[in-house]
Amino acid sequence: MEHHGHTRQKQVMNRLARIEGHVRAVKEMVAEGRDCPDVLLQIAAIRKAIDNTAKVVLQDHLEHCLVHAVSEGQEAEALRKLQEALDRYLR
């Protein structure tokens, strides 16, 4: 597996840290016995944040990883891996 620079790595890491904090807060809400609709609303916000983070990762992949694969003559393999990842993500 080859590693190369990702221009949005810091942005993704920051988003994941916020999501992690949000998940901890929801866990505390459940432990405190907060109303189910309040908990569900926060879970929906977490799902949206995860989806938005995935969009950033995908954009970075399209702009950098696929370009790199094309320059290395490995576009077919890169597209296959991307399709597999999208299939799993979109289940």
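Below, the figures for the structure above:
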read-out: Residue pairs meeting the criteria (Cβ under 8 Å; at least 6 apart or on separate chains; first at negative phi, in the stretch 12-41; second assigned to a loop (DSSP other than H, G, I, E, B) and at pLDDT below 95); value: VAL12/HIS6
read-out: Residues satisfying the stated conditions in the stretch 26-50, i.e. surrounded by 13 or more Cβ atoms within 10 Å (Cβ to Cβ) and under 11 Å from the mean Cα position of the chain (by Cα); value: ALA49, ILE50
read-out: Which numbered condition HIS6 misses (of (1) in a helix (DSSP H, G or I); (2) touching a residue at least 40 places away in the same chain (Cβ under 8 Å); (3) surrounded by 15 or more Cβ atoms within 10 Å (Cβ to Cβ)); value: (1)
read-out: Verdict on ARG91 being modelled with pLDDT of 95 or more and either in a loop (DSSP other than H, G, I, E, B) or of a type in the set (Lys, Arg) (or both); value: no
read-out: The stretch 51-81, residues that are surrounded by fewer than 14 Cβ atoms within 10 Å (Cβ to Cβ) and under 30 Å from VAL30 (Cα atoms); value: ASP51, ASN52, LYS55
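To keep it simple, each residue is scored yes or no on (1) β-branched (Val, Ile, Thr); (2) in contact with a His (Cβ under 9 Å, 6 or more places away or on another chain); (3) within 18 Å of THR7 (Cβ to Cβ); (4) modelled with pLDDT of 95 or more.
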{"site": "GLU20", "(1), (2), (3), (4)": "no, no, no, yes"}
{"site": "MET29", "(1), (2), (3), (4)": "no, no, no, yes"}
{"site": "CYS36", "(1), (2), (3), (4)": "no, no, no, yes"}
{"site": "LEU41", "(1), (2), (3), (4)": "no, no, no, yes"}
{"site": "ILE46", "(1), (2), (3), (4)": "yes, yes, no, yes"}
{"site": "ASN52", "(1), (2), (3), (4)": "no, no, yes, yes"}
{"site": "ASP60", "(1), (2), (3), (4)": "no, yes, yes, no"}
{"site": "VAL67", "(1), (2), (3), (4)": "yes, no, yes, no"}
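Each row is one residue, and each column tells you yes or no for (1) charged (D, E, K, R); (2) under 18 Å from VAL12 (Cβ atoms); (3) touching a Leu at 6+ places or on another chain (Cβ under 9 Å).
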site: ASP38; (1), (2), (3): yes, no, no
site: ARG47; (1), (2), (3): yes, yes, no
site: ALA54; (1), (2), (3): no, yes, no
site: HIS64; (1), (2), (3): no, yes, no
site: GLY73; (1), (2), (3): no, no, no
site: ALA76; (1), (2), (3): no, no, no
site: ARG80; (1), (2), (3): yes, no, no
site: GLU84; (1), (2), (3): yes, no, no
site: ASP87; (1), (2), (3): yes, no, no
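The values are calculated or read from the model by the stated rules, or taken from the named source; none is laboratory data. Every value quoted in this text rests on a predicted model; they were computed, and no experiment measured them. Neighbour counts run over all protein chains shown; Cβ positions are idealised from the backbone, glycine included.
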